[in-house]
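A.B. asks: Encoded as structure tokens, here's the structure I'll be asking about.
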Amino acid sequence: MAAATLLQAENLHLWRGDRHVLNGIALAVEGGECLQLTGSNGAGKTSLLRTLCGLMYPEEGRVLWVGRNIREDLRGFHAELAYIGHEPPLKADLSPRENLRYWIGVRWPLASDVINDALERVGAGSYRDRPVRTLSAGQKRRVALASLALTSVPLWLLDEPTTNLDKEGQQLVGALINEHLERGGLVVAAIHHDLSVRATALRRFELTRE
Amino acid sequence: MAWTWFHRLGSPPYLYSLAARLTPWFAWPTLVLILGGVYGGLVLAPPDYQQGDGFRIIYVHAPSAWMSLMVYTTMAVAAAAGLIWRIKVAHAVAASCAPIGASFTLCALVTGSLWGAPMWGTYWEWDPRLTFELILLFQYLGYMALRSAFEDLQRADRASAMLAVVGVVNVPIIHYSVIWWNSLHQAPSVMKLAKSDMPATMLIPLLMMFLGFTLFFVTVLLIRLRGEVLTRERSASWIREAVTL
Amino acid sequence: MSDRIASAGDSVAPPVEGGPTVRLRLRAATPLSTALGLTLARDLRLAFRKRGQLVQPLVFFAIVTTLFPLAISPELSRLRDVAPGVLWVAALLSSQLALEFLFRDDAQDGTLEQYALSGQSLTWLLFAKTAAHWLLTGLPLALMAPLAGLSLGVPAAAVPGIVASVAVGSVALSLIGSMGAALTLGVKRSGALLSLLTLPLAMPVLIFGARATELAIKGGSFGAPLQLLGALAVLGLTLAPLATAAGVRINLE
Amino acid sequence: MSGLAEFFDMGGYAAYVWPSYALTLIVVVLNVVWARRLLAKSREEARRRLAMRVGGSES
């Protein structure tokens, strides 16, 4: 039996109103690979990511995880992925530490020092107790990245993970992804400019607008 | 899932032409039954010993009340099918049902108050049956309002379907709580004519009206369904053929 | 042999035949009870950070109940007759206020979809959020209702009956409301729409609740309507969270 | 009273019976007209969508 591809999409069709957003998309991602989704705004990058993680239902076609349709055990599939959308999913009135405790804590038990280390790791240690409302977009993005350092799921689905980040921040994203790939994980990321990821692991997928 | 895949593939274009062909087969019997029922109800049936000729309103009130409930149930079943097996056509059926059901609920409400008015001395009485129809009308209006609140048709379909399913669970609860509530404050006003002791000349027109209204529902549903299926269909080739039909 | 990458119990993911060994050490997931506790704690903490909004339903309840004496008459005897209806209509409308934002804030900042993708049961997590809504609006309304009742000439002996009926009734109202909030999540100004959807579902609660309060005021035993109210609450507890989760998933698409 | 007048009088209930039947007739006719008009509108929209689509790439 050939190794079951970890993440596979077959013949995905999705419409948004009259726009044929996903037109027969097919892709496969192996362990240790980072697939970059490129394409102009509105080409369907976000829709593809949300379809891959099972939030959106394709009208035709299917998504397979380890050879099985994700619909068969959607919750089990969700337990093995991390999805970070266009906006960092943070509550403005909570601090970065509180946000992470309630966000990742719901998925796995987290000791507070583990949270502090993760925030330190992404350079968010200095503002870990300030309400997120007072943080800049770049700082919020770093707090969201800290969530990735706290999870150990095989699949990462990231929607433009480097927006609002300076050079150093983009290096940080690359480092986190490289580490994840070495552990055999896989990443699908919608991006505008290339991630600083090992070239051997990098693959591209271009989405064209209808 | 194979069955739904096949069903969805085959159904919209096939259903569109089928609905077009079937419509006359339902329209004509509807006309005959309703005309016959009205003639029977107004002319042949003897006056009621209590309410005299006033009781003849039952020939339009009872079938309308039956429609309000039957159409809501049909809508909820179609909505549930659309949600569970993700069949677009089922959502098209549910969308087509709502306005028909709402219009007949309104009709049942007004004819009911007109029927009770001679006895009550007023046009509106918080009689359990009328109160039930009124609340059912609100549920129809809620369904149509929710459906029109969404721009994206697919989300409108699924959200309104969920509401229809929740609403149909509420119907029996409303029915019994309204009767319980009404029994607290007044003796129940006997508005229902026990169908069993009606003579044939009274009963047959009523049954004709019930069947006529039901077939009328199917007729209008088939017309509306073609439009709803068309708006949900995407493949251009099929639309061209349907539009020229 | 279903070749799953990981299940909750595995410490090391089984190697995929021929593929790279996925050496990701998957920790056991948070037990559901802890996840619910965290969700509840988060919503309560958030609510107390915006204390102003917490008080709104209660102030609204007080204002609405003071409208009726002005509108009907200052005579306590007349007010006592309408007191059950006034209390319950005011409680019903007040509990609706906070509903619109029960899920909307989380949907807008993206935390709601993280719940949907958490791998925990979305039905249970949203149930915890609805419980938080009840603790923040339903319960306080139940404790405040006797005050409003006394202002409407209700005898002091009726206080326990009023608190009991509003407390139980508001459980059903919060659950019904959570369904409405989930369904109207994708709609911009959904305040009036939310009420149009939830009120027909809340009418039985109003019928039995007002009756229980009426009997309590008259000093009689209000057991029967209270039990019917309890039945509605239990029905809500079992069915509403499922519909709420489905409603949220539909609006996250 | 002649047979016809007596019929229309409905035993004194004319003011209740005839409005009920009139309203029901309106509801029936309204449903048919409303449905047919909606069907015509969606066919028109489909033609417009088709014309636009033929302009763009054929899906």
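Values quoted throughout were computed directly from the atomic coordinates according to the rules given, and no laboratory measurement underlies them. Values in this document were obtained by computation on a predicted structure and should not be read as measured data. Here the Cβ positions follow ideal geometry from the backbone for every residue, glycine too, while neighbour counts run over all protein chains shown.
A.B. asks: Select from chain B the helices, each a whole stretch of DSSP H, whose alpha-carbon atoms run 27 Å or more along the helix axis and whose Kyte-Doolittle mean is at least 1.0; answer none if there are none.
C.D. replies: For chain B, where a helix must reach 27 Å along its axis and average at least 1.0, the hits are B:58-85, B:88-120, B:200-232.
A.B. asks: Can you say what percent of the DSSP beta bridges in the protein assembly as shown, counting only those with both residues inside, are antiparallel? Round to 5.
C.D. replies: 50 percent
A.B. asks: Does the protein assembly as shown classify as rounded, prolate or oblate by the C-alpha gyration tensor (a ≥ b ≥ c root eigenvalues; a/c under 1.5 gives rounded; else a/b over b/c gives prolate, otherwise oblate)?
C.D. replies: The shape class here is oblate.
A.B. asks: Something else now. How big is the range C:32-252 along each principal axis, measuring the range of its Cα positions in Å and listing the largest first?
C.D. replies: 56, 32, 29
A.B. asks: Which value at 222 nm does chain C reach when only helices count, each DSSP H run of 4 or more adding -39,500 (n - 2.57), with the total divided by all residues and rounded to the nearest 500 deg cm²/dmol?
C.D. replies: -25000 deg cm²/dmol
A.B. asks: Would you mind checking which residues have amide H under 5 Å from A:Leu7's amide H? H placed 1.01 Å from N; only 5 or more apart, or other chain.
C.D. replies: Hits under the 5 Å cutoff: A:Val29, A:Val66.
A.B. asks: Once you've got the GNM for chain A with C-alpha springs shorter than 10 Å, pick whichever of A:Pro109, A:Pro96, A:Pro154 has the biggest mean-square fluctuation.
C.D. replies: A:Pro109
A.B. asks: From the backbone phi of the range C:79-92, what are the Karplus-calculated ³J(HN,Hα) couplings (6.51 cos²θ - 1.76 cosθ + 1.60, θ = phi - 60°) in whole Hz, Gly and Pro given as x?
C.D. replies: Along the range C:79-92, the couplings run 5, 4, 5, 8, 3, x, x, 4, 4, 6, 5, 5, 5, 4 Hz.
A.B. asks: Starting from the exponent 0.38 and prefactor 2.2 Å, build the expected Rg for chain D from its residue count and divide its actual Cα Rg by it.
C.D. replies: In units of the 2.2 N^0.38 Å rule of thumb, it is 2.27.
A.B. asks: What ranking of A:Arg209, A:Arg62 emerges when the number of other C-beta atoms within 10 Å of each C-beta is taken as an exposure proxy, fewest first?
C.D. replies: A:Arg209, A:Arg62
A.B. asks: Would you kindly work out the equivalent ellipsoid of chain A from its C-alpha gyration tensor and give its semi-axes, the square roots of five times the eigenvalues, largest first in whole Å?
C.D. replies: Largest first, chain A gives 29, 19, 17 Å.
A.B. asks: Now for a different question. If you average the alpha carbon positions of the range C:111-135 and of the range C:28-72, how far apart do those two centres end up, in angstrom?
C.D. replies: That distance is 16 Å.
A.B. asks: What is the calculated FRET efficiency for C:Val89 to C:Ser221, with r their C-beta to C-beta distance and R₀ = 30 Å, to the nearest 0.05?
C.D. replies: 0.80
A.B. asks: Would you please classify the overall shape of chain B from the alpha carbon gyration tensor, given that a ≥ b ≥ c denote the square roots of the eigenvalues, rounded means a/c under 1.5, and beyond that prolate means a/b larger than b/c while oblate covers the rest?
C.D. replies: Verdict is oblate for chain B.
A.B. asks: If you wrap a convex hull around the Cα atoms of the range A:7-72, how much volume per residue is inside, in Å³?
C.D. replies: Considering the Cα atoms of the range A:7-72, their hull volume per residue is 81 Å³.
A.B. asks: Near the amide H of A:Glu60, under 5 Å away, which other amide H atoms are found, from residues 5 or more places off or on another chain, if H is placed in the peptide plane?
C.D. replies: Counting only residues 5 or more places away or on other chains, the set is A:His13.
A.B. asks: Mind scanning A:Lys140/A:Lys167; A:Lys91/C:Lys129; A:Lys45/C:Lys188; A:Lys91/A:Lys140; A:Lys91/C:Lys50 and naming the pairs with a C-alpha gap bigger than 21 Å?
C.D. replies: A:Lys45/C:Lys188
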